[in-house]
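The values are calculated or read from the model by the stated rules, or taken from the named source; none is laboratory data. Predicted model only: the values in this text are computed from it and were never measured. Virtual Cβ from ideal backbone geometry, glycine too; neighbours counted across all protein chains shown. For the accessible areas, the whole protein counts, side chains as well, though only heavy atoms, and no ligand, DNA or RNA atoms are used. Shrake-Rupley method; radii C 1.70, N 1.55, O 1.52, S 1.80 Å.
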Amino acid sequence: MLAVGTPAPDFELFSTPDQKVKLSELKGQKVIIAFYPADWSPVCSDELTIFNEALRLFSRHNAQLLAISVDSKWSHLAFSENHKFHFPLLADFEAKGSVAKLYKAYDEIEGQCNRVLYVLDEEGVIQWSYQSPVGINPGADGILNALEILDNK
């Protein structure tokens, strides 16, 4: 994982079949980056559902959630619509895992993202990170604690 204090590498990924999100365009607000292994998997579905429920808490801290996996933009579209997610799922599909590799969140053996969380400050600097085992849902508590600490700096 990238160390706290490291400027987050910029990226631009599809959030819908015809729209992209560029990290550098989110400067001025905190950003939560959640790398996850796969759309439709039970643990990932649960994790992202918790994040969806926590969005209003994240927004109180002026934080935008971005979830990233190596699934395609079409898989993300169906997964997001099915679960009624209200945050972007970004497709790190081509070249597969290129952004996850920048963030040291890619599992070369499995060919998927590890379950890694980053919280960036308003300047795009990593202020908190956490890697959970692939089969364990990390929940939102660590993210919320990190956001509260940033707000009190």
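For the chain, what ratio Rg/Rh do Cα atoms give with a Kirkwood hydrodynamic radius?
Details: Rg = 14.0 Å, Rh = 15.1 Å.
Reported Rg/Rh, Kirkwood definition of Rh: 0.92.
Using amide H atoms built 1.01 Å from N in the peptide plane, name the residues 5+ places from Asn114, or on other chains, whose amide H lies under 5 Å from its own.
Answer set, sorted by chain and number: Tyr106, Asp107.
What GluC sites (Glu not before Pro) in region 116-153 are in a loop by DSSP, with at most 16 other Cβ atoms within 10 Å of the Cβ? All intermediate terms of the calculation are to be shown ahead of the outcome.
Values: sites: Glu122, Glu123, Glu148; in loops: Glu122, Glu123.
Of the GluC sites (Glu not before Pro), the ones in loops of region 116-153 whose Cβ has at most 16 other Cβ atoms within 10 Å are Glu122, Glu123.
Which length gain, in nm to one decimal place, applies between Glu81 and Val4 when the Cα-Cα distance is subtracted from 0.36 nm times their residue separation?
The Glu81-Val4 span can extend by a further 24.4 nm.
What do you get for chymotrypsin sites (Phe, Trp or Tyr not before Pro) in region 33-115 restricted to DSSP loop and a cutoff of at most 14 other Cβ within 10 Å of the site's Cβ? Write out the running numbers ahead of the final one.
Working: sites: Phe35, Trp40, Phe51, Phe58, Trp74, Phe79, Phe85, Phe93, Tyr103, Tyr106; in loops: Trp40, Phe85, Phe93, Tyr103.
Passing both the DSSP loop test and the Cβ count: Trp40.
Amide H neighbours of Leu90 under 5 Å, counting only residues 5+ apart in sequence or on other chains, H built in-plane at 1.01 Å?
Under 5 Å from the amide H of Leu90: Ala67, Ile68, Ser69.
Please list, ordered by chain and number, the residues whose modelled amide H lies under 5 Å from the amide H of Gln64; skip anything fewer than 5 residues away on the same chain.
Residues meeting the amide H criterion: Lys30, Val31, Ile32.
Considering only DSSP beta bridges whose two residues both sit in the chain, what percent are antiparallel, to the nearest 5?
Values: 19 of 28 bridges.
Looking only at bridges with both residues in the chain, the antiparallel portion is about 70 percent.
Just list whichever of Lys22/Lys96; Lys20/Lys101; Lys20/Lys104; Lys27/Lys84; Lys84/Lys153 have alpha carbons separated by over 28 Å in the model shown.
Numbers: Lys22/Lys96 17 Å; Lys20/Lys101 19 Å; Lys20/Lys104 22 Å; Lys27/Lys84 26 Å; Lys84/Lys153 34 Å.
With Cα atoms farther than 28 Å apart: Lys84/Lys153.
Can you give the Rg to Rh ratio for region 65-153, taking only C-alpha atoms and Rh from Kirkwood?
Details: Rg = 14.0 Å, Rh = 14.3 Å.
Ratio of gyration radius to Kirkwood radius for region 65-153: 0.98.
For region 1-54, report the % of Cα-Cα distances exceeding 16 Å.
On the way: 837 of 1431 pairs.
Result: 58 percent of Cα pairs exceed 16 Å.
Please report, in debye to the nearest 20, how large the charge dipole of the chain is about its Cα centre when each Lys and Arg carries +1 at its beta carbon and each Asp and Glu carries -1 there. It would help to have the intermediate numbers written out before the result.
Working: 13 positive and 21 negative charges, 41 e Å.
Here the chain has a charge dipole of around 200 debye.
Given R₀ = 22 Å, what would the calculated FRET efficiency be for Ser98 paired with Glu25, taking r from the Cβ atoms and rounding to 0.05? Mind showing how you got there, number by number?
On the way: r = 19 Å, r/R0 = 0.85.
After rounding to 0.05, the efficiency reads 0.75.
So how do Arg60, Arg115 rank on accessible area, 1.4 Å probe, biggest first, that is with the largest at the start? If you can, show how the numbers build up before the last one.
Working: Arg60 170, Arg115 5 Å².
Largest accessible area first, the list is Arg60, Arg115.
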